[in-house]
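Participant: The structure follows.
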């Protein structure tokens, strides 16, 4: 439940007045903005619901893979090259087990091709492409960071790399190398000095501010009051917070310390930014050039970052495949069996017998050859109904959920993905059961 306007804490870390952030200025360490006032993150406040189907995840991965190719944004517009890529994808299908549901169908390819061509038209101007966009999203680019910036960052980082290699704890085989340890010298409640009544630390004269400020007040650890939850965590129980949602906020923040991000300020216009405070453990004078490179790197990331941000609980992009339960083909022959019993001796009965024969001749699962008719399948109504019932489990296959069935690609682009199902295969006489649609 959102806070009323009278209860909303006003945050202020501008330095122009008392510090008002979580844990300072009378604001609880555990205070959080309401869902509608903050961007979603992977810690709380975001849920992919409804979840993605496996075929849609395969589509997302395919589009990500194809955009890794050189000149993808021009090649995808060529019918000849697109046809070649299509053949490659369908050839790869033979190496993917059908039950994994990760094969790319003809419908899925057509959708991905249309979507990639739209993405290519936007790529020319934006110089990045948004991918995995089904609720949340990610962006990637090989050109937003210029070659000159890449070289400058490499050269300016080189001394840090040498320092890291000189440390006794350096492991040449480690994958991730922390050149600047973000955990070193954190803010510690009850020990660190903080400018709580205003003021700023000048970036290039930050060491002259050592000793300024007041002692940060200690914070009570509310996790200690959630004994049942803590015991459950220590025992390794799953869904620890399912019945203790009130206490989950106590475990998002440490009552002992917090890492210190640097302050970044936008210019008067555009995406240019300036780092206004010390990057923890990165000397602002010795590595002044690196600070400038990091500013340019942050600036280059602003537009793609904006493309990924989700505010509140509503997703920015709809899912591509909406399903209404498990489906299979062929459907169980209810209508044929009912007609055999109901219409005996009529012309409709003859039609039902022809339908029964066609059904029994359908290939069994895993075969492309028509099945042989069982002996004496048409001896009586009972025999025919018996063989229909007995043979159906050998014939049906679970169906891939596919795009373009409930709504078109153009509908999806406009955010309309809750339309009725336009295609539904049934045997003649089967009554269609309307799906229960989610509210848009």
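Bear in mind these aren't lab numbers, they're just calculated from the coordinates by the rules spelled out. Every value quoted in this text rests on a predicted model; they were computed, and no experiment measured them. A quick note on method: Cβ atoms are made from the backbone with ideal geometry, for glycine too, and the neighbour counts reach across all protein chains shown.
Participant: Per-residue ellipticity at 222 nm for the chain, helices alone: DSSP H runs ≥ 4 residues times -39500 (n - 2.57), over residue total, nearest 500 deg cm²/dmol?
Facilitator: Calculated from helices alone, the mean residue ellipticity at 222 nm is -10500 deg cm²/dmol.
Participant: By its C-alpha gyration tensor, with a ≥ b ≥ c as the square roots of the eigenvalues, how is segment 58-137 shaped: rounded for a/c under 1.5, else prolate for a/b larger than b/c, else oblate?
Facilitator: Oblate, since a/c reaches 1.5 and b/c is not below a/b.
Participant: Take each of the peptides 199-208, 111-120, average the number of other beta-carbon atoms within 10 Å over its residues, and list them starting from the highest. Before the final figure, lay out the partial values.
Facilitator: On the way: 199-208: 13.5, 111-120: 18.9.
Highest to lowest by the protection proxy: 111-120, 199-208.
Participant: Determine, from the Cβ-Cβ distance of residue 118 and residue 14 and an R0 of 60 Å, the FRET efficiency 1/(1 + (r/R0)^6), rounded to the nearest 0.05.
Facilitator: 0.90
Participant: Rounded to the nearest Å, what's the spacing between the alpha carbon centres of segment 377-411 and segment 320-364? Just the number, please.
Facilitator: First find each Cα centre; the distance between them is then 8 Å.
Participant: Taking Cα centroids, how far is segment 8-36 from segment 119-157 in Å?
Facilitator: 34
Participant: So for the pair residue 24, residue 94, with labels modelled 7 Å out along Cα→Cβ, what separation do we get in nm?
Facilitator: 6.5
Participant: Expressed in nm to one decimal, what extension gain is obtained for the pair residue 49 and residue 347 from 0.36 nm per residue of sequence separation less their Cα-Cα distance?
Facilitator: 102.3 nm
Participant: Which distance in nm do the two modelled labels at residue 209 and residue 152 give, with both placed 7 Å along the Cα-to-Cβ direction?
Facilitator: With each label placed 7 Å out from Cα toward Cβ, I get 2.5 nm.
Participant: Determine the gain in length on full extension of the stretch residue 416-residue 71; use 0.36 nm per residue of separation and subtract their C-alpha separation, reporting nm with one decimal.
Facilitator: Result for the pair: 121.1 nm of gain on full extension.
Participant: Using a Gaussian network model of the chain with C-alpha springs under 10 Å, which one of 274, 127, 331 is most mobile by mean-square fluctuation?
Facilitator: Its mean-square fluctuation being the largest, the pick is 331.
Participant: Among (i) 168; (ii) 231; (iii) 252, which is the computed volume of the Cα convex hull per residue in Å³?
Facilitator: (iii)
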